[in-house]
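Let me begin by presenting the structure, written as structure tokens, before commenting on it.
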Amino acid sequence: MRKHWDNPMEHAMPEQTRVPASVQIGNVTVAPATVLAPMAGVTDTVFRRFIRNASVFSAVPEHASVEEQVTNQASGCGLIMTEFTSADGLSRMRESKRKRYLTFYEDEHPIAAQIFGSNPETLAEAARIVEETGFDIVDLNLGCPSKRVVSCNGGSGLLRDLPLIGEIFRQVRASVSIPFTVKFRLGWNDNHIVCVPLARLAEDSGLNAVALHARTREQGYTGQARWEHIAEVKDAVGIPVIGNGDVRTPEDACALIARTGCDAVMIGRAAPANPWIFRQIAQYTATGRYDVPTDQDCYRMIRTYFRMLLEGADPWAPEGASRAPAPDAAGKMKQFASWFTHGVPGGTALRKSIYEARSGAAILDAVDRFFSRGLAVRAELEPAPETLATL
């Protein structure tokens, strides 16, 4: 997944347009109406809770636990979603192994599990497993453009076969009582746009909401998201429509609502680049302004997440929870470095030192050295600004 946007548009906040306070998906209330998109290799339980607790980064003591849980309203993120999980894998693997893919904490509710595959019976079985595990919503992936997934007729590969999608919808809907949703793209390519008939098929099949990433499979993550198709889907169905694509700022989120009338906003790539994005949207909706993270906020955010990976020391984990380090913690730290250092002055040098480090401890040392030098220089030049934690 690309970490940058092609010629991103700048949006002013439309007058009298706000991201809705909530959206109802079946019996699940999503408040506020913002959703963390499912992202392979990104939205594991550590990152999801990291987003949910983003508003307290600056308030977390270095080695202390936080007893007060942060609600979705406080964090600004109404619904979080898992990485997509293979239905074939879930149906075959032992129950003990499933926990690796379907682990979540109680304070992650409401939470949706996303599954992918192409066999209706297998997907129905996977959906039952999702429900039995305790998730609030099961979501079907019809959007992943990966060649590996598409070659198995999963993800956006299914967009070429609406009758098969209809059978999948029917069997999964019959297998679970929790809300059932689908995330999809415009179509396979510009000559095969199917978003409106697919959304109508979803509604007719009893699904509770649809999420549209306004690009084709052929586009991948390039070019501009075509929000006008989100508006077409909204006009075509009565169930909630979640808009996705090119939402990088609170202004973008409000502009998407204004232009399409969609019921909620889903955010993907902007979340790891700016973990405060959901809280900023909530601020902007309420007041017309939002806080920008300081260098100190960025430092604490990066170090908190890296320490969670390296030490398994999730400061928000319930008492007695497992503290095992994340698999390949150092590799994960390097993966996220390019996102987390986006917009940080001198970030290129920081990324270089992180990529060259040979261990997780060395990565933390590189982060500490970089920010200690930068913060010391800034302290001499200007008074300390307010941080995000002092609202």
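Listed values, structure above:
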quantity: Gain on full stretching of the segment that runs from S372 to K97 - 0.36 nm per residue minus C-alpha separation; calculated: 94.9 nm
quantity: For peptides 237-246, 158-167, sequence by mean Cβ density within 10 Å, most packed first; calculated: 237-246, 158-167
quantity: Translational diffusion coefficient (Stokes-Einstein; Kirkwood radius from C-alpha pairs) of region 23-287 at 37 °C, 0.692 mPa s, in µm²/s; calculated: 179 µm²/s
quantity: H192 paired with E121, simple spin-label distance in nm, labels 7 Å along Cα-to-beta-carbon; calculated: 2.7 nm
quantity: Point-to-point label distance, E132-T222, nm (Cα→Cβ direction, 7 Å offset); calculated: 4.4 nm
quantity: Over region 23-287, relative contact order from alpha-carbon pairs under 8 Å, at least 6 apart, %; calculated: 18 percent
quantity: Calculated from backbone phi, Karplus (6.51, -1.76, 1.60) coupling profile of region 250-262 in Hz, x at Gly/Pro; calculated: x, 4, 4, 4, 5, 5, 4, 4, 5, 7, 10, x, 5
quantity: Cβ-Cβ FRET estimate between D235 and E356, R0 fixed at 41 Å, reported to 0.05; calculated: 0.20
quantity: Cross-link table K147/K334; K147/K234; K234/K332, entries beyond 27 Å C-alpha to C-alpha; calculated: K147/K234; K234/K332
quantity: Cβ crowding within 10 Å averaged over residues, with 126-135, 343-352 ranked highest first; calculated: 126-135, 343-352
quantity: Region 232-265-region 136-200 distance, computed between alpha-carbon centres (Å); calculated: 19 Å
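Only the coordinates and a few stated rules stand behind these numbers; no lab work does. Note that the coordinates shown come from a computational prediction; the quantities given were computed from them, not determined experimentally. Because the Cβ atoms are built from the backbone with ideal geometry, glycine has one as well, and the counts that use them run over all protein chains shown.
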